[in-house]
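Down below is the structure, laid out as structure tokens.
The values are calculated or read from the model by the stated rules, or taken from the named source; none is laboratory data. All values reported here derive from a predicted model rather than from experimental measurement. Glycine gets a Cβ as well: all are built from the backbone with ideal geometry, and neighbour counts include every protein chain shown.
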Amino acid sequence: MKVTQHKNGVLISGIDDFDLEQTLDCGQCFRFWLNSDGDWHGVAGDRPITLRRLDDGILFLNITVGEFEEFWRRYFDLDRDYAAVRAGFPDHPALRDSTCFARGLRILRQDPWEALISFIISQNNNVPRIKGIIDRLCRGFGTPCGDDFAFPPPSVLACLSTEELGVIRCGFRAAYILDAAKRVCSGQIDLEQVAAMPIEQARAALQTIKGVGPKVAECVLLYGMGRLEAFPLDVWMKRAMAELFPGCTPESFGRFAGIAQQYIFHYCRCNPSCLCSTVQK
């Protein structure tokens, strides 16, 4: 991959397997939007970014090479060889279909706190509504960062009541958000320590938070803690495993099972006819 300062930002070129739409609209994050001009704009923590596909690469608008190297290179997992990851997967026709369809998808290295709250909000919800709730959360309780708003830290949310949090219209999830904020703020849950635990221990620690079950815990581990062996099982993935991968378990996909999961999830969500019946989500 080549990184160069461009007159409008930072241009990365010579990188395979990086598609903006597949990466930013595959259900792993909820703070990026496709603008009418074809650019993608979003916020990670308190860092806004706009990305543009050019003929010779991807342009990160209005940042320096230093900012790219400090944060965005890791955030987009740009140093990982995804072709090598795919080569290590078991040879399975449905997995080949999934990886061919979504080969430009990368797993983002999101902030653990932001991932925890985002996937608590995602429960029994659809993507447009999840995005709306998170946007209201940031606008209501985050600090301005340019024309956008930062994701509010646990110290801010821990001080709120369920009534005060009601402005984001998240329903029953308000109690879960506040419990997570209080546990993280008090040190009962140290997300950095959880990220370093053996994965079964990390799963158990996350599930002590009110409203965090196995699926949300796996999402936090995969998308917020870089645990690429984590394998979230929502209704789409349960159906895919039963119909397309009978007899397989998450362990069947090896140490990068989480990347395989995201390929499969995105493929099935975009091609529901590959499953015997349509999944509603």
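Can you spot a residue in region 93-107 that is touching an Asp or Glu at 6+ places or on another chain (Cβ under 6 Å), of a type in the set (D, E, K, R) and crowded, with 21+ Cβ neighbours inside 10 Å? Looking for residues that are touching an Asp or Glu at 6+ places or on another chain (Cβ under 6 Å), of a type in the set (D, E, K, R) and crowded, with 21+ Cβ neighbours inside 10 Å, one finds at least one in region 93-107, hence yes. For region 51-67, the tally of residues that are without any contact (Cβ under 8 Å) to a residue 40 or more places away in the chain and assigned to a strand (DSSP E or B) stands at 3. Kindly evaluate Ala202 against the criterion of being of a type outside the set (Asp, Glu), within 16 Å of Leu116 (Cβ to Cβ) and crowded, with 20+ Cβ neighbours inside 10 Å. Yes; evaluated as a whole, the condition is true for this residue. Are any of the residues in region 45-52 closer than 20 Å to Phe101 by Cα and either in contact with a Cys (Cβ under 7 Å, 6 or more places away or on another chain) or not β-branched (Val, Ile, Thr) (or both)? No, because not a single residue in region 45-52 is closer than 20 Å to Phe101 by Cα and either in contact with a Cys (Cβ under 7 Å, 6 or more places away or on another chain) or not β-branched (Val, Ile, Thr) (or both).
Pairing residues of region 1-23 that are under 23 Å from Phe101 (Cβ atoms) with residues that are of a type in the set (Ser, Thr, Tyr) and surrounded by 14 or more Cβ atoms within 10 Å (Cβ to Cβ), at Cβ distances under 6 Å and at least 6 apart in sequence or on separate chains, gives Asp17/Tyr82. Taken residue by residue, region 241-264 has at least one member that is farther than 18 Å from Arg106 by Cα, within 20 Å of the chain's Cα centre (by Cα) and either among the small types (Gly, Ala, Ser) or in a helix (DSSP H, G or I) (or both). Between Met225, Met237, which is surrounded by 22 or more Cβ atoms within 10 Å (Cβ to Cβ), under 23 Å from Ala87 (Cβ atoms) and touching a residue at least 24 places away in the same chain (Cβ under 8 Å)? Being surrounded by 22 or more Cβ atoms within 10 Å (Cβ to Cβ), under 23 Å from Ala87 (Cβ atoms) and touching a residue at least 24 places away in the same chain (Cβ under 8 Å) holds for just one of Met225, Met237, which is Met237. Go through region 118-166 and give me each residue that's closer than 22 Å to Gly187 by Cβ and touching a Phe, Trp or Tyr at 6+ places or on another chain (Cβ under 8 Å). Matches in region 118-166: Ser118, Phe119, Ile120, Phe151, Pro152, Pro153, Pro154, Val156, Leu157, Leu160. Can you say whether Ala94 is of a type outside the set (D, E, K, R), over 30 Å from Pro246 (Cα atoms), at pLDDT 95 or above and part of a helix (DSSP H, G or I), as far as the supplied structure shows? No.
When Tyr223 is tested against (1) over 22 Å from Ile117 (Cα atoms); (2) part of a helix (DSSP H, G or I), just one condition goes unmet, and that condition is (1). Considering region 212-236, and only residues there that are touching a helix residue (DSSP H, G or I) at 6+ places or on another chain (Cβ under 7 Å) and at pLDDT below 95, the residue that is farthest from Ala181 (Cα to Cα) turns out to be Trp236.
Pairs are defined by a Cβ separation below 9 Å, a sequence spacing of at least 6 or placement on different chains, a first member in region 155-179 that is among the hydroxyl-bearing types (Ser, Thr, Tyr), and a second member that is surrounded by fewer than 20 Cβ atoms within 10 Å (Cβ to Cβ) and outside any helix (DSSP H, G or I); the pairs so defined are Tyr176/Gln123; Tyr176/Lys210; Tyr176/Gly211. Just one of (1) of a type outside the set (Ser, Thr, Tyr); (2) modelled with pLDDT of 95 or more; (3) surrounded by fewer than 15 Cβ atoms within 10 Å (Cβ to Cβ) fails for Ile264. It is (3).
Of all residues in region 69-91, those satisfying the criterion of being in a helix (DSSP H, G or I) and in contact with a strand residue (DSSP E or B) (Cβ under 9 Å, 6 or more places away or on another chain) are Glu69, Phe71, Trp72, Arg73, Tyr75.
Residue-level check: of (1) outside any helix (DSSP H, G or I); (2) within 20 Å of Pro90 (Cβ to Cβ), Tyr267 misses just (1).
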